[in-house]
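Data block below; observations after.
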Amino acid sequence: MISSLEDLVRQVKKQKLKPSQLVEEAINQIQLKSDLNIFIEIYENQARFQALQIEDKLNKGHPIGRLTGCIFVVKDNFLLKGSKTTAAAPILQNFEAPFTGTCLQKILDEDAILLGKTNLDAFAHGTSTENSYYKSTKNPHDSQRTPGGSSGGSAAALATDICHFSLGTDTGGSVRLPASFCGVVGYKPTYGLLSRYGLVAMASSTDCVAPFTKTPQDAKLLIEIMAGRDNLDATTLDSSNLDFRPKTVNQNLTLGVIKELNQNLDSDVQKTFNEALDHLRTNGWQIKEVSLPNIKLALACYYVLVSAEVSSNLSRYDGLRYGVHQSHDDWGELIKLNRHHGFMAENKRRIMLGTYVLSQGYYEAYYQKAQKLRTLLCQEFDQVFRQVEALLSPTSPTVAFKLGSKIDDPVQMYLADLMTVAPSLVGIPAISLPLKTAGLPVGLQLMTPQMTDNFNLNLAQELFNQLC
Amino acid sequence: MTQISKAQVLKIAQLAQLKLSPQEIDIYQRELGVILDFSNKLQAVSVNHLEATEQVTNLTNITRIDEIDANLALDLKDLEKNAPNFIDRQFAIPKITH
């Protein structure tokens, strides 16, 4: 019985658990769950080899890392040197990464065992993992439903106990939403806390490396390992002052429920969320309704800004230096052909939208307006954090939706992100906690101010103990 | 509903270096109209008095000495693996005719 990542590492160090046995169990579990289409690449032999190397280090008494023996998987938009990194997109299907990204390297350096690369919406554009070039991943709780997106594969892998933790990226909810749909913890840190070097870029001003774990305590260990200024990512913050020690959370603080996000919810979500709040009140927590008057505009703001950044970040995919390429004698036509065949429909949609909002005549009305609204949202969050210490909302207005039900309606698909985009825009930490339910999983989102990651994770663990 | 013309769709596609099929032009014309309709909610709010936020870290640009760190430089052999046409340490591409 493993109670946490730290507990697992302790048991491995005492040789009560054998890494190679853990790997075999995981590989077995992958086979049992193969119909869920979780993986793009499985590293069976590499994982077996890594396990043997760890056992060798243990036998020789050599120093070992803080994640020794922990099995993990990563979303296939993390570059791993010498391996394919596809971003689930046609153009990168054969791309071999020339370097390993910072966060992934930090985890590997702690002797965690990487078992594979998981499915995602192509280029992380999506909320259901249905935009993948490969088959859609299915929700482990109901295979007719999506696991959420864009990090659906990593969420499903943890939910089915294939691994002990997994990594995804969260740009507007892409870890929190699948965490909510799959019934696991998903944590988006303060923007800039973790390096983006080695990620396939989506929106540079909101992309975050974000872990999936069974508990907030586990997420804290991973964040602590990965956090830090990186010379290879100029947008990383100095986290040397951040204290990740456990701290008891005093129930004298006030939790704010965002009024505007506590409406128009699916009845399952409303009921479960209300029950959670009642439970907290019964246990003595102060809960207050707060207003963020413009939060409902955050979704439109997000899609304008993120599409603009996507259109810029995806301009590099011309097939001239890497990527699947077509044939043509003319440079311009070749680029267009490479991109036509290289992107999924949603990628093209976002590139087109982004190009439009940045173009002459529309830039002020859309892009610049959205940037100013982003300032307003930052101000509103600052004001509300003077009234309460932390904010609560459901992670999603719905439970996991049926596969295929939103694929023809882009705006419906975007609405899944309604609750999660605002924290992304303002850069604050936000976690999704899996509430106790009889039916499909429902997530509770907890948000706290910038650079309060330790507070967020401590508070989240306390709420988790009471509600999950 | 926000109408976006076929000419506009083609112009955007040209700027974005995308080649669209006739069916895709129709589809994106319709879908972009719907998405822009949704984005028009932004027009309701008064924000002209505010500065734009480009990034939320409050970091400012710094510089460093322009020198190569051999540990970080990518290996040409790794770049060559992915390249369609790699000649003499350069990516060979078709002629730019216009």
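Across the stretch A:311-342, the number of residues qualifying as of a type in the set (A, V, I, L, M, F, W, C), more than 8 Å from chain B (Cβ to nearest Cβ) and within 22 Å of residue B:25 (Cα to Cα) comes to 1. Which condition number in (1) part of a helix (DSSP H, G or I); (2) within 8 Å of another protein chain (Cβ to nearest Cβ); (3) modelled with pLDDT under 90 is the one that residue B:62 fails? For residue B:62, the failing item is (1).
Scanning the stretch A:281-304 turns up at least one residue that is free of Cβ contacts under 8 Å to residues at least 24 places away in the same chain and open to solvent by 10 Å² or more (accessible area, probe 1.4 Å).
Yes or no: residue A:232 hydrophobic (A, V, I, L, M, F, W, C), surrounded by fewer than 16 Cβ atoms within 10 Å (Cβ to Cβ) and over 25 Å from residue A:422 (Cα atoms)?
yes
Look through A:138, A:84, A:57 and report the one residue that is in contact (Cβ under 8 Å) with a residue 60 or more places away in the chain and of a type in the set (D, E, K, R). A:138 is the lone residue from the list that is in contact (Cβ under 8 Å) with a residue 60 or more places away in the chain and of a type in the set (D, E, K, R). Can you tell me how many residues in the stretch A:98-145 are surrounded by fewer than 22 Cβ atoms within 10 Å (Cβ to Cβ) and of a type in the set (A, V, I, L, M)? So the count comes out to 2. The set of residues in the stretch A:441-468 being under 20 Å from residue A:381 (Cβ atoms), in contact with a strand residue (DSSP E or B) (Cβ under 8 Å, 6 or more places away or on another chain) and in a loop (DSSP other than H, G, I, E, B) consists of A:448 alone. Would you mind stating whether residue A:67 is touching a residue at least 24 places away in the same chain (Cβ under 8 Å), assigned to a helix (DSSP H, G or I) and farther than 12 Å from residue A:117 by Cα? No: the conditions fail for residue A:67. Criterion applied to A:373, A:392, A:415 was being at the interface with chain B (Cβ under 10 Å from one of its Cβ atoms), open to solvent by less than 30 Å² (accessible area, probe 1.4 Å), touching a helix residue (DSSP H, G or I) at 6+ places or on another chain (Cβ under 8 Å) and outside any loop (DSSP other than H, G, I, E, B), and the one residue passing it is A:373. Checked against the criterion of being more than 9 Å from every other protein chain (Cβ to nearest Cβ), among the aliphatic types (A, V, I, L, M), under 26 Å from residue B:41 (Cβ atoms) and within 26 Å of the chain's Cα centre (by Cα), the candidates A:299, A:305 yield just one match: A:305. Selection of the stretch A:146-169 for residues being open to solvent by less than 10 Å² (accessible area, probe 1.4 Å) and of a type in the set (A, V, I, L, M) yields A:155, A:156, A:157, A:158, A:162, A:167. Considering only the stretch B:51-58, I want to know if a residue exists there that is exposed (fewer than 14 other Cβ atoms within 10 Å of the Cβ), facing chain A (nearest Cβ under 7 Å) and without any contact (Cβ under 8 Å) to a residue 12 or more places away in the chain. So far as the stretch B:51-58 goes, yes, one or more of its residues are exposed (fewer than 14 other Cβ atoms within 10 Å of the Cβ), facing chain A (nearest Cβ under 7 Å) and without any contact (Cβ under 8 Å) to a residue 12 or more places away in the chain. Which residue, of B:43, B:29, is closer than 26 Å to residue A:355 by Cα and either in contact with a Gly (Cβ under 6 Å, 6 or more places away or on another chain) or more than 8 Å from every other protein chain (Cβ to nearest Cβ) (or both)? Just one listed residue meets the conditions, B:29.
Per-residue answers, yes or no, for (1) surrounded by 17 or more Cβ atoms within 10 Å (Cβ to Cβ); (2) touching a Pro at 6+ places or on another chain (Cβ under 8 Å); (3) assigned to a loop (DSSP other than H, G, I, E, B):
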{"site": "B:2", "(1), (2), (3)": "no, no, yes"}
{"site": "B:9", "(1), (2), (3)": "yes, no, no"}
{"site": "B:12", "(1), (2), (3)": "yes, no, no"}
{"site": "B:18", "(1), (2), (3)": "yes, no, yes"}
{"site": "B:29", "(1), (2), (3)": "yes, no, no"}
{"site": "B:35", "(1), (2), (3)": "yes, yes, no"}
{"site": "B:38", "(1), (2), (3)": "yes, no, no"}
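When residue A:405 is tested against (1) buried (at least 21 other Cβ atoms within 10 Å of the Cβ); (2) not in a strand (DSSP E or B), just one condition goes unmet, and that condition is (1).
What is the residue count in the stretch A:339-368 for residues that are in contact (Cβ under 8 Å) with a residue 40 or more places away in the chain and either more than 14 Å from residue B:39 (Cβ to Cβ) or open to solvent by 10 Å² or more (accessible area, probe 1.4 Å) (or both)? Matching residues across the stretch A:339-368 total 14.
Restricting attention to the stretch B:76-98, the residues that are more than 7 Å from chain A (Cβ to nearest Cβ), more than 15 Å from residue A:320 (Cβ to Cβ) and surrounded by 10 or more Cβ atoms within 10 Å (Cβ to Cβ) add up to 1.
The set of residues from the stretch A:70-94 being more than 19 Å from residue A:107 (Cβ to Cβ), open to solvent by less than 30 Å² (accessible area, probe 1.4 Å) and assigned to a loop (DSSP other than H, G, I, E, B) comprises A:86, A:87, A:88, A:89. The residue that is surrounded by the most Cβ atoms within 10 Å (Cβ to Cβ), among those in the stretch A:170-186 that are in contact with an Asp or Glu (Cβ under 9 Å, 6 or more places away or on another chain) and within 12 Å of residue A:126 (Cβ to Cβ), is A:174.
The set of residues in the stretch A:321-338 being touching a helix residue (DSSP H, G or I) at 6+ places or on another chain (Cβ under 8 Å) and either open to solvent by 10 Å² or more (accessible area, probe 1.4 Å) or without any contact (Cβ under 8 Å) to a residue 12 or more places away in the chain (or both) consists of A:321, A:322, A:323, A:324, A:325, A:326, A:327, A:328.
The values are calculated or read from the model by the stated rules, or taken from the named source; none is laboratory data. Only a predicted model underlies this, so the values are computations on that prediction, with no experimental measurement involved. Every residue, glycine as well, gets a Cβ built from its backbone with ideal geometry; the counts of neighbours run over all protein chains shown. We work out accessible area using only protein heavy atoms, side chains counted, and drop any ligands, DNA or RNA first. Shrake-Rupley method; radii C 1.70, N 1.55, O 1.52, S 1.80 Å.
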